[in-house]
Amino acid sequence: MEALDLLLKRVSVARLCEPAPDAEQLDLMFRAALRAPDHGQLRPWRFLTIAGEGRERLGEVFAEAVRQRDAQASDEALEKARRMPLRAPLLVAVIARLQEHPKVPHSEQLLAAGCAAHGLLLAAQALGFGGIWRSGELAFDAQVASRLGLGGDERLLGFIYLGSPEGRVRTAPELDPVDFVSPWPGASS
């Protein structure tokens with residue numbers, strides 16, 4: 001797939017099924033992710049892969065977090081939390097590793113980790129897989145972060161759900177750059 005074609009046609013794919021990327025394909029995807037812009041070469045990211053029974057264990061972690069937030073959570077809400085990680089055959093937790101640096105603030109490191117996640121999604125699509133970046137309150141829950149083994153200097157940015165597209169992949173909407181780009185008025189003499 002041509003690079004510009006990939007960038008212009010990238011879409012999130014929510015309905016995912018087997019097969020997931022294999023080890024060799026995942027290696028390529030992570031190599032692409034590691035090419036993200038990285039001021040200071042801090043490499044402020046790391047990833048956790050969650051597959052097989054690990055998805056069920058993550059579902060239990062999600063249900064525990066829901067129960068901790070709301071002791072009266074319904075059985076339906078708990079079951080919904082348990083099923084969330086089962087929506088794809090492979091999940092990748094995207095983690096920003098924030099470091100103190102005199103020239104690279106945490107905000108820039110978060111953006112670099114986000115760019116790495118985007119690179120992962122682009123590589124997945126280039127290899128014929130579908131993916132979607134999911135976040136929500138459970139992705140930002142302190143208990144979930146703790147159970148995933150995050151340190152105090154780390155932030156969970158969300159989960160990339162990966163697999164084969166189930167059904168037809170939607171077409172990317174046509175957006176006009178004129179709606180988002182304008183010249184800076186201070187540039188005029």
Original post:
Do we have any residue at all in segment 120-141 that's more than 16 Å from the chain's Cα centre (by Cα), among the β-branched types (Val, Ile, Thr) and surrounded by 18 or more Cβ atoms within 10 Å (Cβ to Cβ)?
Top reply: no
**OP:** Determine whether segment 27-49 contains at least one residue that is farther than 19 Å from Cys115 by Cβ and of a type in the set (S, T, N, Q).
**Re:** yes
**OP:** Take segment 166-189 and flag every residue that is over 23 Å from Pro19 (Cα atoms) and small (Gly, Ala, Ser).
**Re:** Ala172, Ser182, Gly186, Ala187, Ser188, Ser189
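Of everything in segment 5-15, what is over 13 Å from Leu127 (Cα atoms) and either under 15 Å from the mean Cα position of the chain (by Cα) or open to solvent by 70 Å² or more (accessible area, probe 1.4 Å) (or both)? Give them in sequence order.
Narrowing segment 5-15 to residues over 13 Å from Leu127 (Cα atoms): 5, 7-9, 11-15.
Across segment 5-15, the qualifying residues are Leu7, Leu8, Lys9, Val11, Ser12, Val13, Ala14, Arg15.
The values are calculated or read from the model by the stated rules, or taken from the named source; none is laboratory data. As the structure is a computational prediction, the values presented were derived from the model and not from experiment. When we count neighbours, we look across all protein chains shown, and the Cβ atoms used for this are built from the backbone with ideal geometry, even at glycine. Heavy atoms of the whole protein, side chains included, go into the accessibility calculation; ligands, DNA and RNA do not. Shrake-Rupley method; radii C 1.70, N 1.55, O 1.52, S 1.80 Å.
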